[in-house]
Structures are given as C-alpha cells and as structure tokens.
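Worksheet: the structure to be examined is printed underneath.
The values are calculated or read from the model by the stated rules, or taken from the named source; none is laboratory data. On a predicted model such as this, the values are computed, not experimentally measured, just so you know. Backbone-built Cβ (ideal geometry, glycine too); neighbour counts: all protein chains shown. Ligands, DNA and RNA are excluded from the accessible area calculation, which covers all protein heavy atoms including side chains. Shrake-Rupley method; radii C 1.70, N 1.55, O 1.52, S 1.80 Å.
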Amino acid sequence: MSAPDPRDVARYVDEVAPLLDLLVPPECREGVVRNLVGLLAAGDLLRDFPLGGEETAPVFEP
Amino acid sequence: MRARDALGVVADVRARRVTARETVLTALARIRARDPGLNCFSTVLEEAAVRDAAAVDAALDAGRDPGPLAGAPFAVKNLFDVRGQVTLAGSRINAGNAAASRDATVVARLRGAGAVLLGALNMDEYAFGFTTENSHYGPTRNPHDSSRVAGGSSGGSAAAVAGGLVPFTLGSDTNGSIRVPASLCGIYGLKPTYGRLSRAGAALFGISFDHVGPLAASVRDLAAAYDVMQGPDPADPVCADRGIEPCLPMLDDGTESLRIAVAEGHFASRGEPEVFAAVESVAKALGAVRRVTIEENERARAAATIITASEGASLHMDDLRARPLDFDRMTRDRFLAGALLPAALYVRAQRFRSWYRAQVREIFREVDVLLVPTTPFPAPRIGQDTITVGGVEVPARPMLGLYTQPLSFVGLPVISVPVAGPGQLPVGVQLVAAPWCEAALFRVAALLERDGVVAARIVPRPPSER
C-alpha cells in the first residue's frame, strides 16, 4: 500500500469531524491531517498482513 | 548506593539512627534546592509529609511496626490520585477538577507500608509522549545534562530518582513510559505484567496497555516497592485475582536455572552502537549466547499506535469537543487524529495483537528472559524534533519507543536496568519475561547489580547535603 494522500485525508477530516461534533481548530488542522496520515498508513500495514480467525472479543461477566 | 536507597533509610529509621521526620525534612530541603533546575515536582506535600513521618516515628516509639517501608520518602507521577490533591495528569484541563477523595490503590498501599509521600511529579500531558516536554508546566530536565530530556511520559518520576531527590517513585507505562525515562536517566524501572498492579485511582490513557510500576535507584528498592503494591483490587477490573508473589526474598537466588537469550532482528537494528554494546555487556555477564527473533515488530508498533490513539482520544472526547485548544500543543493534534480513526482499524489492530501474543508465547516456551535495548539512543536535547541514527534522519520522539512498544503491546513484564558504562549519557537494557514471571527479572537484575554490570547513575550530592 502507498501512504494515504494527505489531500484525501484533509477532505476526510473536514467532512467527518463535524459529524462527530468535533471542531478541528484551524491551527490544528495541518497537524491533525499529518497525524491521521500516519495512523492510516499504520492501518495499511496491518491490512496487508494475513490474519486467521484471531478472537478479540472482550471478556464480559454479567 | 545502599546508604541512600529507600531500604537503607528504612534500616536507619528502624534502628533509630535517624528519625523519619529528620529524613523527610532533609529530602524536602533537597527538593527545594535542586528541583528548580530539574522541574520534577508539580506539587510538594511538605506539611503532610512531615506529619506522616512523625506518625512513623510515633509508631516506633510505641513499639508498633510502621511497615516494611517505614520512613522511606517517595513521590508519584501526577496522574495518581492523592487524597486532597487535584490529579493533573500533566494537563491544564484537569487543574479545574475537584481534589481526589482518596489515594490511588498503589499509593495507599505504599503509605500503608510506612512510606512517606513527598509530592507529585511532572509528566507528558495525559501520558501521551516519551519526553516530558510539557508545554503547560515546562519540560523536566535530565539530571545528567540539563539541556536534554528526561524521557517520558514518567519523566518527573525518573529524574527525581536520578537527581537524588527521592529514592523511588511511581510511574505509568502504556508504550514505554516507565522504561524510556528509566533508560535516559540511568535508573531502574519496572513495568509489571498487564493486570499485575492495580490501576484504580490512576488516570488512564490506553486502557489495553496501561500499567503502573515503580522506578528506583536500586534493585532491592524496586522489589520492595513492587511487593508492597501487589495483590488483587476489585476497584480495577483489569487487576488480576492473583496472590502476592514477593520478589525481595528472591534477589539472591541467582540465574543458573534461567534460560536467557538476546533478541535480534528489529531489536538489534536502527539504534546507536552504544545501546547494542550495552546489551552485549549484559549478555556476556550472564553467559547468554542464544539469539531469538520476534517477528513483525513494526506491525506491532503500528497496531499499538492505533489502539493507543483510539483509546486515548475516546477517553478525552468531551474535552476534545469542548475545548481542544486547552490541550497541550504537544498532544492535541494526535488526540484529534485518534478521534477520527475508523473503528475497523482499531479492531484489526486488536486482532493482530492476538496473533503477535501467540508468537511471543511460543518464544517463551524456550526462553525465560530476553535481553533487549530499552531506547535506540541516549537522551535527545529538549526541543529536538529529529535525530540521525545510522545515517538516517528520523523523528526523535516516537523513535524512543522503538524497542519498548512491542513488549507492552502484549503486556509482558519488563525491568529496564541502567548499564554501567563509560558513556557520558546513560542507556538501559530491558530484561523481558513471560507474563507473571517478574521474579525471574528481579533475580537477573540483582545479579547484574551485584556484579557491577548495571548500576543506577545518581547525581552526586554536594558535601553540604551529605
């Protein structure tokens, strides 16, 4: 996977943040996009890895 | 070293060679004199400390046992609740909160054992950092070079020990936040098995990886503090229902029966030569020639980063919505980015964690203790954004977790030991064991300390303070 395009990520931030009732201050936008690019690239690294049926349900005791 | 460690103080207090009150007054004077240059303490509890010390002396006067840590001064990262104090967690936002109504479980257990709490210590905001460059409260400075970071996020906890202010402290570790500052400041730090010590009353960060643990100037102090804090706690759903497994009595048990190996691959690359030399010096002293490889550590770091960002952001979502600019500029963009991560990535990261854990479990069928560098380089300068390692320029702050993050990712117990080398700045080596096998780590650390292979580097006191 190539790294996510920062312009696409910037559009994602602008569209999704308001849906979550998050207002990204203008002085934070560039840093938020840069960090989200890094997190999405980390996600790509995991998407490329073949996982089996690893169980991750949290143990809940009623 | 023994004269100034916590158990040395306890022995003196118990033998009435000195009173707990005198000990605490001396420590408070030292903090007043030295802390302005280090910026470890966010709060000093002078009145309460003197009162608690007097209570230890009164117990001894009355023939009662004040506990195994009688009169030992300590301090805690300011994310632990201390009754009557506001728990800052390195933030300005929390400064408006009500004071804590009770001590965190581990703080209460230490105080119950006779240790005397002197105050609360600086940290990265909400534990989201490896350097303790806190914009609200200032950076904590490395006692061995005040132009350099102390490491983080438990930077105040490490620098207070290395600076000779207190013999032991408490910190927390999500991705390396006890081990990194212990390495950069040249002291011992224990991140126990996930679930070993109660987190009740500690501000959380990444709930899947949050651990609490001690930092100390000697192995026996590390063990003494750890032993007192062990045990189940219904107030923490993560804390395991296990009995206390004391490590202090096992320090002289030796390492003959332990299978010890050096981790290679990821853990033997992308660092400065001196950190690998430190690992080799420990391996040589232990006669460890076996090499083992843990696979997929970069993916482990990626998964740990995603989980931490998601869980950290979700804990602070209300404040991210209402007052994002009140966060530290060092954390706010990362918290906001974490809040925007798709849930599917988080779940994928947790699934990878299960895969990685299964691999590590197999390795620990063949090995008891693994040797791994703690940090890829000694302390960077305060404000330093990038560092060149092996001719490659990399971001300095996240790289500090290169070797710690994959291990806390699966909750393994680790002691970072300070290697006694000729280098100007300290570096640490991680001793890593299978879950619940802290005792093996203490046996190895004690042997290395006894043989002079590792030693805490504490800034010498001026003659006037001796």
* Post the alpha-carbon centroid distance, region B:260-276 to region B:325-346, in whole angstrom. => 31
* Take every Cα pair under 8 Å in region B:81-136 that's 6+ residues apart, average their separations, divide by the length, and report that relative contact order as a whole percent. => 36
* Return the Cα extents of region A:5-62 along principal axes one, two and three, sorted largest first, each rounded to a whole Å. => 42, 34, 15
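Please tell me the relative contact order of region B:54-161 in percent, rounded to the nearest whole number, where contacts are Cα pairs under 8 Å and at least six residues apart. Write down the numbers at each step before the final one.
Numbers: 209 pairs, mean separation 26.2, N = 108.
Once divided by the residue count of region B:54-161, the mean separation gives 24 percent.
Report the accessible surface area buried between chains A and B, summing both sides, using a 1.4 Å probe on protein heavy atoms only, in Å² rounded to the nearest 100.
On the way: alone 5600 and 17360 Å², together 20210 Å².
So the total buried area for this chain pair works out to about 2700 Å².
Please get the size of the charge dipole for chain B, origin at its Cα centre, with Cβ charges of +1 on Lys and Arg and -1 on Asp and Glu, quoted in debye to the nearest 20.
Values: 50 positive and 49 negative charges, 43 e Å.
I would put it at about 200 debye.
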* Over the protein assembly as shown - Rg/Rh using Cα atoms and the Kirkwood inverse-distance radius -> 0.96
* Cα extents of chain B along the three principal axes, largest first (Å) -> 59, 57, 44
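Charges at C-beta only: +1 for Lys and Arg, -1 for Asp and Glu. How large is the resulting dipole of chain A about its Cα centre, in Debye rounded to 20? Show your work: numbers first, answer last.
Numbers: 5 positive and 12 negative charges, 50 e Å.
Dipole about the Cα centre, nearest 20: 240 debye.
As a test of reading the structure, rank B:209, B:130 by solvent-accessible area (1.4 Å probe, protein chains only), most first. Could you put the intermediate results ahead of the total?
Working: B:209 0, B:130 30 Å².
The residues order as B:130, B:209, largest area first.
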* What residues of region B:331-371 lie in the reach of a label at residue A:41, counting those whose backbone N is under 20 Å from a point 7 Å from the Cα along Cα→Cβ? -> B:331-342, B:345-346, B:349
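Per the helix-only calculation at 222 nm, which mean residue ellipticity applies to chain B, given -39500 (n - 2.57) for every DSSP H run of n ≥ 4 and division by its residues, nearest 500 deg cm²/dmol?
-11000 deg cm²/dmol
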* Accessible area of the protein assembly as shown belonging to carbon and sulfur atoms, whole % at 1.4 Å probe -> 53
* Structure fact -> Over region B:135-252, with neighbouring protein chains present, the accessible area per residue in Å² at probe 1.4 Å is 22
* To do: Take the alpha-carbon centre of region B:356-378, take the same for region B:390-460, and report the distance between them in whole Å.
  => 12
* Hey, any idea what Rg/Rh is for region B:47-183, computing Rh the Kirkwood way over Cα pairs? -> 1.01
* Give me the distance between the Cα centres of region B:10-41 and region B:217-245, rounded to whole Å. => 25
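Among B:437, A:28, what's the order by accessible area (1.4 angstrom probe), most exposed first?
Details: B:437 55, A:28 0 Å².
Accessible-area ranking of B:437, A:28, largest first: B:437, A:28.
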* **Amide hydrogen neighbours beyond the local backbone of residue B:454, cut-off 5 Å, H modeled** => B:420, B:449
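To the nearest 0.05, what FRET efficiency results for residue B:98 and residue B:17 with a Förster distance of 35 Å applied to their C-beta separation? If you can, show how the numbers build up before the last one.
Working: r = 42 Å, r/R0 = 1.19.
After rounding to 0.05, the efficiency reads 0.25.
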* **Residue-averaged [θ]222 nm for chain A, counting only DSSP H segments that reach four residues, each worth -39500 (n - 2.57)** => -19500 deg cm²/dmol
